[in-house]
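I'd like to ask some things about the structure below.
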Amino acid sequence: MNIYVELLKEQEQFSAILNSLKLQNSPIRITGTCETQKVHLAFSLCHELSKSMLYVVPDALTAKFIVEDLKFFAEGKVRYYPQADMVFRKVDAKSNENASERIKVLNDLLNGEQLFVVTTIQALAQKTVNISEFKNSMIEIKTGDIIPIEDFSSKLASIGYKREANVESH
């Protein structure tokens with residue numbers, strides 16, 4: 001039981017909103033709330049409905065604040081879906097941190113985890129791989145598996161990896 005959800009459940013307006021969502025009566029317009037109240041309300045509704053949440057904000061700075069607020073209610077279930085890095089020229093070193101984070105979020109959602117995802121309009125507007133391609137590109141390797149190098153190399157190449165002469169660790 002989450003005490004913060006229980007507090008809202010005592011409110012008549014919360015019950016009305018929850019019932020509307022259960023009946024799929026939408027859209028629902030809620031006004032007069034500050035950002036922290038929005039986070040609390042959104043978390044509580046998703047918690048009660050056992051649904052994941054997508055919380056869209058105008059920019060990355062706002063997203064960081066919302067992520068921190070949500071962690072108060074749902075530690076461990078909050079993810080930030082960042083905008084993909086746009087590289088317009090060849091660079092020697094490029095961070096894959098944002099791409100990695102985007103993949104983690106998609107993978108967790110695909111595995112049925114109830115998540116609270118915060119993202120920006122820009123990140124949401126960026127094209128990503130479709131779900132069937134994403135599923136087909138997964139490679140599961142377990143300790144003790146013996147994998148023919150040729151098969152593994154061709155599978156990696158088919159999902160977009162490039163063979164490099166040197167690989168560096170940071």
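The values are calculated or read from the model by the stated rules, or taken from the named source; none is laboratory data. Everything numeric in this text was worked out from a predicted model, so none of it was measured. Positions of Cβ are generated from backbone atoms using ideal geometry, with glycine treated the same way; all protein chains shown enter the neighbour counts. Note: accessible area is taken over every heavy atom of the protein model, side chains too, but ligands, DNA and RNA are not part of it. Shrake-Rupley method; radii C 1.70, N 1.55, O 1.52, S 1.80 Å.
222 nm [θ] for the chain, helices only, -39500 (n - 2.57) per DSSP H run of 4+, per residue, to 500? Display every interim value, and only then the final one.
Numbers: 8 runs with 82 residues, N = 170.
After summing the helix terms and dividing by residue count, I get -14500 deg cm²/dmol.
Something else about it: With volume of the Cα convex hull per residue in Å³ defined as stated, name the option among [x] 107; [y] 125; [z] 182 computed from the structure displayed.
[z]
When the chain is modelled as a GNM with alpha-carbon springs shorter than 10 Å, which of 108, 69, 85 fluctuates the most?
Sorting by GNM fluctuation, first place goes to 85.
Okay, moving on. Could you tell me which of 82, 3, 148 has its Cα farthest along the dipole of the chain towards the positive end, charges placed at Cβ (Lys, Arg +1; Asp, Glu -1), taken about the Cα centre?
The residue sitting farthest along the positive end of the dipole is 82.
Further question on the same structure: Highest GNM mean-square fluctuation, the chain, Cα pairs closer than 10 Å: which of 79, 102, 29?
29
With respect to the cross-link table entries 104/127; 9/38; 64/135; 38/135; 51/127; 71/104, which display a Cα-Cα separation exceeding 22 Å?
64/135; 38/135; 51/127
Could you please state, rounded to a whole Å, how far the C-alpha centre of region 130-170 is from the C-alpha centre of region 1-72?
Cα centroid to Cα centroid, the span is 39 Å.
I've got another one for you. Of 150, 12, 97, which is the most mobile in a GNM of the chain whose springs link Cα atoms less than 10 angstrom apart?
150
Next question. For the chain, what is the relative contact order in percent, using Cα pairs closer than 8 Å and at least 6 residues apart in sequence? Walk me through the numbers on the way to the answer.
Values: 133 pairs, mean separation 37.2, N = 170.
This gives 22 percent for the chain.
How large, in percent, is the carbon and sulfur part of the accessible surface of the chain at a probe radius of 1.4 Å? Let's see the in-between values first.
Values: 6690 of 12740 Å².
Of all accessible area on the chain, carbon and sulfur atoms account for 52 percent.
Could you size up the charge dipole of region 1-117 around its Cα centre, putting +1 on the beta carbon of Lys and Arg and -1 on that of Asp and Glu, and report it in debye to the nearest 20?
I would put it at about 380 debye.
Here's something else I'd like to know. Dipole of the chain (Lys/Arg Cβ +1, Asp/Glu Cβ -1, origin at the Cα centre): which of 72, 129, 18 lies farthest to the positive side?
Positive-end residue among those listed: 129.
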